[in-house]
Amino acid sequence: MPTRPSLLHIRRALPADAHTLAQLARQTFCETFSHYDPAALEAFLREHYSPENFSAQLADTSCELWIAQSNGQPVAYAKWGAYKLPLAPSYERVVELHRLYVLRSHHGRKIGHLLMEKALRYAADNRAQAIYLGVWSLNRKAQGFYGRYGFVKVGEYDYPPVGEVVDREWIMMRECGE
Ligand SMILES: CC(C)(COP(=O)(O)OP(=O)(O)OC[C@H]1O[C@@H](n2cnc3c(N)ncnc32)[C@H](O)[C@@H]1OP(=O)(O)O)[C@@H](O)C(=O)NCCC(=O)NCCS
């Protein structure tokens, strides 16, 4: 019997999604980054990936959080909005793609692509001249994905420490058409 195609729904996250986002963010962070001390990682996640933290992000009008659901289950999320990276941007009007995370079980199904399209739409709607992002220097997979969309490396910085580990991050940028 043929399997039923999964139903994908991508929408702006609501205040009621704070718990769901915190759980999804935790899971995708742990799937992506396995080089931290477990106790330090737990402390970092408690501080930065709590439901309260996501409630605050959802109330921040300078940013947007989006969520992707497959057959009603949360499988990816993304965040974009005001530029906050520690590098003077090359343009007056810029935005930042803060997060883009798809559950490992759902990689390669164009979910990242659909969220990227929404981020680029946001940039265009806000008349941004460029969109920036930060990505771990050793996350070659994500760098390759961003490269497909025309992002190029324009700088580096140190990510806030997780325990004793200070990760080097790349700053990538893509110009946006007028
Ligand atoms: C990076 C990530 C967002 C990509 O999302 P995805 O849903 O797996 O990717 P998609 O299926 O939408 O792929 C879209 C296109 O990019 C291509 N692509 C995907 N990964 C790629 C890679 N590593 N290098 C080059 N191209 C890639 C796909 O082949 C596809 O191209 P096509 O349309 O020509 O087939 C996802 O793998 C992920 O969440 N990774 C873990 C979290 C992470 O690292 N996030 C970034 C933190 S900064």
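Within region 79-131, restricting attention to residues that are among the acidic types (Asp, Glu) and over 20 Å from Gly147 (Cβ atoms), the residue that is nearest to the chain's Cα centre (by Cα) is Asp125.
Among the residues making up region 109-141, those that are aliphatic (A, V, I, L, M), over 24 Å from Ala88 (Cβ atoms) and crowded, with 18+ Cβ neighbours inside 10 Å are Ile111, Leu115, Met116.
Pairing residues of region 20-42 that are outside any helix (DSSP H, G or I) with residues that are surrounded by 16 or more Cβ atoms within 10 Å (Cβ to Cβ) and of a type in the set (Phe, Trp, Tyr), at Cβ distances under 8 Å and at least 6 apart in sequence or on separate chains, gives Phe33/Trp136; Tyr36/Phe44.
Of the residues making up region 120-145, those that are within 16 Å of the ligand (Cβ to nearest atom), among the aliphatic types (A, V, I, L, M) and over 17 Å from Glu31 (Cα atoms) are Leu120, Ile131, Leu133. Does Pro51 count as within 14 Å of the ligand (Cβ to nearest atom), in contact with a helix residue (DSSP H, G or I) (Cβ under 7 Å, 6 or more places away or on another chain) and at pLDDT 95 or above? So Pro51 does not fit the description; no. Residues of region 146-155 being of a type in the set (D, E, K, R) and within 12 Å of the ligand (Cβ to nearest atom), which ones? Selection gives Arg148 alone.
The values are calculated or read from the model by the stated rules, or taken from the named source; none is laboratory data. Remember, predicted model here, so these are calculated numbers, not experimental data. Glycine also receives a Cβ, built like all others from the backbone with ideal geometry; neighbour counts cover every protein chain displayed.
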